[in-house]
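Written below as C-alpha cells is the structure these notes are about.
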Amino acid sequence: MDPYIPRPFPPTDLQLESVLALVGRANACLSRYDGLLESLVNPGVLLSPLIMKEAELSSRIEGTIATANEVYQQQAGEEFEPEKRADIQEILNYRSTLRISEDSLREGPITLHLIRQMHNTLMQGVRGENKNPGRFRNTQNWIGPRGATIDEALYVPPPPIILNELLESFVEFINIQDDKLDPIIQTSLIHAQFELIHPFDDGNGRIGRLLIPLFLMKKGCLVSPSLYISRYLEADRDNYYAMLARISSRGDWLSWIEYFLNVLIIQAKNNLDLVRRIIELYETKKRQISDLLHSDQAIYILDMLFDTPVFRANEVYRRLNIQRQRAALYIRTLKDAGVITELRPARGQKAALMSFEDLWRITDQQ
C-alpha cells in the first residue's frame, strides 16, 4: 500500500448545508453542558473521577486493559503484575498530559512544541517509550494487524519527507482566527487531520483525542477540557476508523464531519447526565455523612471520597491530620452505614482497602 498524500488542508470545497442542523444541535448541547461545568463550585473534586475514567477508556482503545479502579488501588499500595503496572502507568500519563496541557493553554496557543510536550509526557515509562517520546517520526509507519508488513497495512500515513509541511499547515489551521468557522466543525477537522498525519511512532490516537476537549476549551466552548468522548469511540471503534478511512480513500470529509457532530451531541448529553448524577450523589452524601459523623470534618471526608474513591483506611487520619482513633471511628461508622465498602481487610502493615462504590456505579456508565 502506498502512503497517503493529503490534499491541501483545510479542505476548501466543503458543502456544509446538509449538516447545518447538526451543527446547531451540537453547539446547543455543548453550551448546556458547559453551563453546568461553569456552575460547579468544586470542579476539581467532582470531575476527578470522570477524568480518570476518560483516561482509562481512551487508553483502552489502544489496547490498555487496566481500569480506573485499579489505578486507585495501585496508588493505595496494591501490587500488580508488571504488565498491569504498565497499563496503569499509561492511564496516569494520560491524566497528567491533560492537566499539563490545560495549564499551558490557559496562557498560550496550541503549538507543535506543546504537542511534542504532550507526547513526551504521555509516553514516559510505558510501552512505546523507546519510540521517540516527544519527537515527530522520521521513518515510515503503517497501521495494520500485529506483524503486518506495509503491503498488508490497512492504512499508511504520509511519508516523513512531507511531515513538517503537513504539521505546519495543521497548526496554522488550529490557531486561525475566523469568526465564520464554527469551532466544532474546526475541531472535527483538526482531530481527523491529526490522526491521518499520524506524526508520532506511537500514541497518535490518544494525543488526537486529547486535542478535542483542549481545543474546545481554547476556543471558549468549554470552561475546562472536560468533555469525555472515548466511551462512544471505544464502543464504535470500527465505524470510527471507517469514517476516517473515507477521508484518506475518497476525500470524503463531509461524512466524517457528520459522524463527529453526532458523536459530540450524544456525548455532550451523556456527560451532562453524568455530571448531574455526580452532583446529586455529592449532595446526598454530604447530608448523610454530616448526619452520621456530627463533625466539621465531614465535608473533607466527602471530598476525599470523590477525589480518591479507593483508599486505605489509614488515609483518613493522614489527610485530615486527626487522631487515629477518631479516624478509625469515622471509617467504621461510614462502613456500617454502607457509604464505603471494604474491598480487602487489613493485613500485616497494610490497612484495609476501602471503596466508594456509589461513585463507581455512576462513572462505569460514562
- Task: Would you check if there is a residue in the stretch 258-267 being in a helix (DSSP H, G or I) and within 15 Å of Thr363 (Cα to Cα)?
- Result: yes
- If only one of Arg319, Arg344, Arg332, Arg324 is over 30 Å from Leu272 (Cβ atoms), in contact with a strand residue (DSSP E or B) (Cβ under 7 Å, 6 or more places away or on another chain) and either not assigned by TED's automatic domain parsing to the domain that holds Ile289 or not aliphatic (A, V, I, L, M) (or both), which one is it? Arg344
- Message: When you check Leu292 against the structure, is it in contact with a helix residue (DSSP H, G or I) (Cβ under 7 Å, 6 or more places away or on another chain), part of a helix (DSSP H, G or I) and more than 24 Å from Ile51 (Cα to Cα), yes or no?
- Response: yes
- Message: Only one of Arg25, Arg85 is touching a helix residue (DSSP H, G or I) at 6+ places or on another chain (Cβ under 9 Å) and either closer than 22 Å to Asp202 by Cβ or among the β-branched types (Val, Ile, Thr) (or both). Can you tell me which?
- Response: Arg85
- Item | Failed item in (1) aliphatic (A, V, I, L, M); (2) under 20 Å from Ser224 (Cβ atoms); (3) in a loop (DSSP other than H, G, I, E, B), with Met118 passing the rest | (3)
- Considering the stretch 2-22 alone, what residues qualify as being crowded, with 18+ Cβ neighbours inside 10 Å and assigned to a helix (DSSP H, G or I)? Val19, Leu22
- Residues located in the stretch 313-366, provided they are within 19 Å of Asn69 (Cα to Cα), acidic (Asp, Glu) and either assigned to a helix (DSSP H, G or I) or at pLDDT 95 or above (or both): Glu315, Glu342, Glu357, Asp358
- Task: Tally the residues that are within 25 Å of Ile65 (Cα to Cα) and either touching a residue at least 40 places away in the same chain (Cβ under 8 Å) or within 16 Å of the chain's Cα centre (by Cα) (or both), restricting the search to the stretch 85-114.
- Result: 16
- Note on the structure: For Ser226, the lone unmet condition from (1) in a helix (DSSP H, G or I); (2) touching a Leu at 6+ places or on another chain (Cβ under 9 Å); (3) modelled with pLDDT under 95 is (1)
- Out of Gly128, Gly147, which single residue is under 23 Å from the mean Cα position of the chain (by Cα) and at pLDDT below 95? Gly128
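The values are calculated or read from the model by the stated rules, or taken from the named source; none is laboratory data. Computed from a predicted structure; not experimentally measured. Ideal geometry is used to build each Cβ from the backbone, glycine not excepted, and the neighbour counts take in all protein chains shown.
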